[in-house]
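Where a number appears in this text, it was derived from the coordinates with a stated rule and is not lab data. Quick caveat: nothing in here was measured; it's all calculated off a predicted structure. Note: ideal-geometry Cβ built from the backbone for every residue, glycine included; neighbour counts use all protein chains shown.
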Amino acid sequence: MTRARVGQSRPQLLLSIISGTLIFSVSFSASTRSAEARLSCRPEPGPGRVLCELEVEAPGGRVLPWADALVVSSPAHAPPLRSRYGPTHAAARTESRLRLPIALAAVRAGRGQLEVDARRVTCRSDGSVCVSEVSRVVALVEVGVEPP
C-alpha cells in the first residue's frame, strides 16, 4: 500500500497511488490469463519434427469465437515451421476451447524454451460483450536429451 510522506505534494501522491494500482493490475491480469492457455511439447529422441500443442480455453460461461498462436521465440536447435497458427489449423475445437498444433523442425539435439503468444477473443454466451486477450506461454523443447 502507498503511504503519503510528510511534505509529499498532491500530484506526487496521486502518481504514487496510480503507479501502485497499475503494477497490481498488470500482475493480477497476467496471472489469471495464463491459466486459460497451456503450451506443451513432446520430448523427441532425435532431430526431426517436434510437435507442440497450444490449448486455449474461455473462462467459465464464455465462448471462444476466435484464437491464434504467434511464435515469439524458439530455441536455435528447433525453429518453428510457421510463425503463426490460426483457427483453421485447429486439431480440435469446441465452443469454448481450441487446440492448435505447433510444429518445430529440430536440426540437432538440444534443450530450450518455446515462447508463444496465445491471442483470443472471448464473449459472453449471448455474444453481447467480447474481449480480446493475449497470454505469453512457455514450454520446454527437448530433442535428443536424457531426462534430468
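For segment 71-148, what size does the Cα cloud have along each of its three principal axes, sorted from largest down, in whole Å?
Rounded to whole Å, the extents work out to 49, 23, 20 Å.
For segment 31-143, calculate the relative contact order in percent as a whole number, restricting contacts to Cα pairs under 8 Å that are 6 or more residues apart.
Details: 301 pairs, mean separation 38.4, N = 113.
Relative contact order, segment 31-143: 34 percent.
How do the peptides 111-120, 128-137 rank, highest first, by the average count of neighbouring beta carbon atoms within 10 Å per residue? Provide the component values of the computation, followed by the final result.
Numbers: 111-120: 18.8, 128-137: 13.5.
In decreasing order of mean packing, 111-120, 128-137 become 111-120, 128-137.
Taking R0 as 25 Å, what's the FRET efficiency between VAL131 and ALA103 from their Cβ-Cβ distance, rounded to 0.05?
Working: r = 29 Å, r/R0 = 1.18.
In this case the efficiency is close to 0.25.
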